[in-house]
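Bear in mind these aren't lab numbers, they're just calculated from the coordinates by the rules spelled out. Treat the numbers as computed from the prediction; the structure is a model and nothing was measured. Positions of Cβ are backbone-derived with ideal geometry, glycine not excepted, and every protein chain shown enters the neighbour counts.
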Amino acid sequence: MRDRVSQVPGYPDEKQFQGFIRRRRRRGAMWRTLFLIATSVGIVVLSALLLNILDDSFGYVAVKNEIEPAALLATYAPKRLPMERGGADYQILRELSRDVQVQILRDHLSQGLIRRLESEQPLDQRSQEELGDLIIERVVEPHFLASWSLFDSVFHRARIKAEVAEMDGASLRFYSWLNPKFVVSPQSSHPEFAGIRTAILGSLWVVAITILFSLPVGVAAAIYLEEYGQKGRLNDLIETNINNLAGVPSIIYGLLGLAIFVRALQPLTGGSLFGIGDATTNNGRTIISAGLTLGLLILPIIIINAREAIRAVPQGIRQASYGLGATRWQTVWHHVLPNAMPGILTGSILAISRAFGETAPLVVIGASAFIIRDPDGPFSKFTTMTIQIYQWTARPQAEFRHLAAAGIIVLLALLLGLNATAIWLRNRYQRSY
Amino acid sequence: MPDILTLPRPSAPSISANGERYAITAENLNVYYGAFQAVRDINLKIERQKITALIGPSGCGKSTVLRSFNRMNDLIPVARTEGRVMFHGKNIYDADVDPVEVRRRVGMVFQKPNPFPKSIYENVAWGARINGYRGDLDALVEQSLRQAALWDEVKDKLHQSGYSLSGGQQQRLCIARAIAVQPEIILMDEPASALDPIATLRIEELMRELRKEYTIIVVTHNMQQAARVSDYTAFFTVDEHRTGYLAEYGPTTELFTNPRQKITEDYITGRFG
């Protein structure tokens with residue numbers, strides 16, 4: 001082989017050729033290193049982000065109780081003492097018998113507050129869990145005097161302990177900001193009790209409206225453009241425009257939604273046309289406005305993905321269908337759509353997870369900054385998880401930053417769930433033709 | 001198996017009630033793709049219940065002519081057809097003719113086996129169902145699969161995917177699917193070109209069997225196949241504008257043993273093409 005290389009005219013001789021090979025390999029190795037660095041940068045950035053979120057989601061807090069759980073137990077259930085340290089004392093309050101719990105509440109709360117609570121739901125009809133929570137919230141009344149990140153909690157324990165020892169009546173606890181109560185509690189101005197439930201429900205409502213609007217419209221438009229529309233200049237023009245719309249910044253869609261859904265269609269989106277909603281929601285800043293705006297935002301993406309999926313259905317299947325005397329509609333309905341469906345769904349779920357994570361247009365539409373009541377329909381005020389996280393990070397108190405971190409974890413979990421569904425659907429229905 | 005031929009068929013006699021001898025005829029047929037003329041002045045009378053082979057070099061328009069018999073060219077946006085294709089005394093390109101109706105009566109089998117991604121049963125039953133068939137579907141599926149010589153191989157796995165079959169079986173499934181809507185004519189566009197020699201042989205046997213009931217028009221690249229299987233052969237070639245035309249048409253034995261045209265002789269003896 002060596003001889004052959006050196007003998008072929010026009011090619012470098014043996015020695016030059018060896019050097020040439022070395023240079024080529026060096027260049028290849030250089031590029032490989034560059035690609036590796038690029039990948040590492042991505043991994044490092046992603047890890048930093050995740051670590052930062054985790055760092056804020058767990059850590060020590062200095063808690064000061066108005067009344068110590070131990071003191072309550074000493075009075076009402078001395079048998080429960082002595083109790084373990086840590087969060088277990090709160091749990092014991094939830095496990096007391098309901099008679100004792102009601103007694104504690106009656107002894108410590110004002111007459112007026114008791115009356116109000118009774119009118120919401122009589123105390124004896126509430127569950128142990130509810131009564132326990134009520135005691136913690138109204139009687140024990142824990143306040144977070146200070147909070148620390150996970151990193152500090154692990155590496156500067158001694159310093160933190162010293163600081164807390166100087167605080168009057170404070171005890172140190174390791175607290176997970178992400179906990180079951182956080183997920184099921186509504187908004188609150190007290191970080192000790194604030195949760196993300198209203199925001200989760202708001203997000204789900206908004207995304208439900210988004211799906212109901214954009215999926216049928218988007219798929220129908222894609223079917224028309226692919227299967228019915230005449231190929232020509234008009235079709236090209238429409239395609240170009242849809243592609244451009246997919247790249248329009250989301251804030252622009254927010255302005256569009258503000259002009260159309262919030263302002264122009266106010267009677268419709270506020271619900272006053274249907275006699276629903278109260279004066280505060282009649283301004284059109286409602287779930288339906290937000291859902292439709294996000295629907296417009298992802299409509300081009302859904303159309304593009306659906307067209308792609310429809311185009312990927314082999315022409316042979318259409319021909320076979322027409323060859324049997326099927327009409328265009330029968331061909332589309334029985335063959336094109338079922339075979340394109342996995343692709344359409346995959347693309348749509350990715351578009352929906354984009355809608356799930358949108359914030360900017362919702363700020364423009366006017367998502368509520370603070371809302372305690374669960375949204376109860378398309379015409380109610382709303383907040384979403386992204387808005388909630390944004391609001392929390394904007395607060396001065398450090399505790400809300402921890403809440404935002406916990407909220408981000410919940411949001412990421414939901415988005416990962418959506419993407420996993422998309423991958424699962426793709427793998428499950430992938431066909432070989 | 002006389003029982004497989006018992007279902008009523010729209011046109012049983014070889015000469016129809018109004019005395020037509022031919023199954024379908026092309027008269028002065030011209031097909032254009034945009035500005036390009038694909039074929040010109042085709043006059044072709046297809047005999048009833050015979051196999052007619054369309055042969056010729058690549059790009060000579062034989063597939064175009066085949067597809068014009070059931071208006072499949074309509075699906076190509078730039079295609080335009082002039083002239084007439086007479087079917088039961090009616091030009092199928094008349095404005096009042098629905099191509100859907102034409103395609104139900106003139107079925108088609110394609111070059112690459114293209115079963116639907118459904119079960120074997122559904123592949124056969126679907127065409128009948130969408131065309132409003134009200135009889136016993138199970139019987140129709142069995143009859144169609146028997147006619148396509150596939151029944152014995154698939155009768156135990158009717159609900160498996162059509163894609164679980166081998167290529168040759170898939171093509172016979174496509175033939176069964178075409179038969180199930182009870183067409184009068186079956187168009188076959190190089191039905192065996194994607195198959196191995198043994199599967200090809202089976203398709204050819206099947207075609208000869210189907211000839212008893214159906215008129216078959218088959219496009220083939222394979223001259224031996226045309227000689228083996230067909231009763232009539234139409235030889236197409238291209239002129240200097242790359243437009244296809246019908247050079248010679250006649251009974252297969254005559255055309256292969258005693259071609260009238262020099263160009264036909266050159267082609268069938270392998271001197272060009």
**Request:** Would you please give the FRET efficiency between A:Tyr429 and A:Glu227, computed as 1/(1 + (r/R0)^6) with r the Cβ-Cβ distance and R0 = 22 Å, to the nearest 0.05?
**Result:** 0.65
**Message:** Can you give me the angle between helix B:137-147 and the longest principal axis of chain B, using Cα atoms only, in degrees from 0 to 90, rounded to the nearest 10?
**Reply:** 50
**Dipole-positive endmost among B:Ala226, B:Pro191, B:Ala180 within segment B:163-228 (Cβ charges, Cα centre)** = B:Ala180
**Asked** For A:Thr346, B:Thr64, what's the fewest-to-most ordering of other Cβ within 10 Å of each Cβ?
**Response** A:Thr346, B:Thr64
**Request:** Evaluate the distance, in nm, between pseudo-label points positioned 7 Å from the Cα of B:Glu47 and of A:Ser47 along their respective Cα→Cβ axes.
**Result:** 8.1
**Asked** What does the average come to when, for each residue of peptide B:97-106, you count the partner chain Cβ atoms lying within 10 Å of its Cβ?
**Response** 3
**Prompt:** Which of A:Ser127, A:Leu324, A:Phe213 sits closest to the plus end of the dipole of the protein assembly as shown, meaning its Cα is farthest towards the positive end, when Lys and Arg get +1 and Asp and Glu get -1 on the C-beta?
**Reply:** A:Leu324
**Prompt:** What's the FRET efficiency of A:Lys181 with A:Leu350 using the Cβ-Cβ distance as r and R₀ = 30 Å, to the nearest 0.05?
**Reply:** 0.40
**Item:** Shielding by other protein chains, A:337-346, mean Cβ within 10 Å
**Value:** 1
**Message:** How big is the dipole moment of segment B:119-174 about its Cα centre under a simple scheme where the beta carbon of each Lys and Arg is +1, that of each Asp and Glu is -1, and everything else is neutral? Debye, nearest 20, please.
**Reply:** 140
**Asked** Which value at 222 nm does chain A reach when only helices count, each DSSP H run of 4 or more adding -39,500 (n - 2.57), with the total divided by all residues and rounded to the nearest 500 deg cm²/dmol?
**Response** -20000 deg cm²/dmol
**Request:** Assign unit charges at the C-beta atoms only (+1 for Lys and Arg, -1 for Asp and Glu), then state the dipole size of chain A relative to its Cα centre in Debye, rounded to the nearest 20.
**Result:** 2400
**Prompt:** Using 16 Å as the cut-off for backbone N distance, which residues of segment A:342-366 belong to the label zone defined by a point 7 Å from the Cα of A:Leu412 along Cα→Cβ?
**Reply:** A:357
**Item:** Approximate spin-label separation A:Tyr11-A:Asn243, in nm, with each point projected 7 Å along Cα-to-Cβ
**Value:** 4.3
**Request:** Could you tell me how many degrees, from 0 to 90 and to the nearest 10, lie between the Cα long axis of helix B:197-210 and the main elongation axis, the longest principal axis, of the Cα atoms of chain B?
**Result:** 90
**Message:** Apply the Karplus curve 6.51 cos²θ - 1.76 cosθ + 1.60, θ = phi - 60°, to the phi angles in segment A:225-232 and return the couplings in whole Hz, x for Gly and Pro.
**Reply:** 5, 7, 9, 10, x, 6, 5, x
**Fill in**
Cross-link reach from A:Lys64 to lysines, straight Cα distance under 16 Å and at least 8 residues apart if same chain, gives A:Lys161
**Complete:** Here the whole-number average of other chain Cβ atoms within 10 Å per Cβ of B:112-122 is 4
**Overall form of segment B:93-248 per C-alpha gyration tensor (a/c, 1.5; a/b vs b/c)** = oblate
**Asked** Going by how many other beta carbons lie within 10 Å of each one, how would you line up B:Leu137, B:Leu173, A:Leu150, fewest first?
**Response** B:Leu137, A:Leu150, B:Leu173
**Message:** To the nearest 20 Debye, how big is the dipole of segment A:197-429 about its Cα centre, given +1 on the beta carbon of each Lys and Arg and -1 on that of each Asp and Glu?
**Reply:** 180
**Item:** Two-site FRET efficiency, A:Phe274 against B:Val78, from Cβ-Cβ distance with R₀ of 60 Å, rounded to 0.05
**Value:** 0.75
**Request:** Find which of A:Ile53, A:Ser40, A:Pro12 sits farthest along the positive direction of the dipole of segment A:2-56, computed with +1 on the beta-carbon of Lys and Arg, -1 on that of Asp and Glu, about the Cα centre.
**Result:** A:Pro12
**Prompt:** With each label point set 7 Å from Cα along the Cα-Cβ vector, what nm distance links A:Gln121 and B:Ile198?
**Reply:** 7.4
**Highest-first arrangement of A:328-334, B:192-198, A:37-43, where packing means the average Cβ count within 10 Å** = A:328-334, B:192-198, A:37-43
